[in-house]
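Any read-out appearing in this document is the output of simple, stated calculations on the displayed coordinates, not a laboratory observation. Please read all numbers here as calculations on a predicted model, not as lab measurements. Positions of Cβ are generated from backbone atoms using ideal geometry, with glycine treated the same way; all protein chains shown enter the neighbour counts.
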């Protein structure tokens, strides 16, 4: 089995996902971004934990993630700010608790090795920039816990035409194999948080 680069994420509510994708596509068609988001590939999301795993461990990770999901209600999240390519979110206690538990219970599966192109989903001879590999390798030490900055990467310029006063309620916890620019490319498994309608 191969070592693969993965991201454990919250999927966005459908209407918000559609708005972000629509805004991104306008920017893509205008030549303002190289990434074209979609509903089944290059999926907008909220990253909770990145790293490299052995593909053979996916089954065990999925079982553990399902147990974790049943301990957390669907989250109610708020926007904090917007800038080019990103919508930042408030780091609520609910979100931080989920983030921490994922790290504490799944880090045993993460492999501390040099991140390579072959660990990503790639198009033809696409090369993964070194800064993206470093981001994945150092996620736990440089982007987690007190350094965790929840956000949605939109690959779109401001304004996003999103109501920043709205509350969003993600209900789906997923694992994806990463692609170029740490995008979510290949769905590996997903589960639902408890008590969602």
Mean residue ellipticity (222 nm) of the chain, computed from DSSP H runs ≥ 4 via -39,500 (n - 2.57), nearest 500: -8500 deg cm²/dmol
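Ranked highest first by the average count of other Cβ atoms within 10 Å around their residues, in what order do 152-158, 187-193 fall? Don't skip to the answer; put the middle values down first.
Details: 152-158: 21.7, 187-193: 16.7.
Sorting 152-158, 187-193 by mean packing, highest first, produces 152-158, 187-193.
What order do you get for 48-56, 177-185 when each peptide is scored by the mean count of other beta carbon atoms within 10 Å, highest first?
Details: 48-56: 19.6, 177-185: 21.3.
Top to bottom by mean Cβ count within 10 Å: 177-185, 48-56.
Going by how many other Cβ atoms sit within 10 Å of their own, how do 28, 139 line up, fewest first? Spell out each step's value before the answer.
Values: 28 17, 139 22.
Listing 28, 139 from fewest to most nearby Cβ atoms yields 28, 139.
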Starting from 0 in steps of 5 Å, tell me what percent of the Cα-Cα pairs of region 72-146 lands in each bin. 3, 12, 16, 18, 19, 17, 12, 3, 0
Note to self: Kirkwood Rh of region 3-192, Cα pairs, one decimal, Å, is 16.8 Å
One finds the C-alpha centres of region 54-82 and region 147-197 to be spaced, in Å, by 12 Å
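Report relative contact order for region 3-192 in percent, whole number only (criteria: Cα-Cα under 8 Å, sequence separation at least 6). Walk me through the numbers on the way to the answer.
On the way: 360 pairs, mean separation 72.6, N = 190.
Once normalised by length, the contact order is 38 percent.
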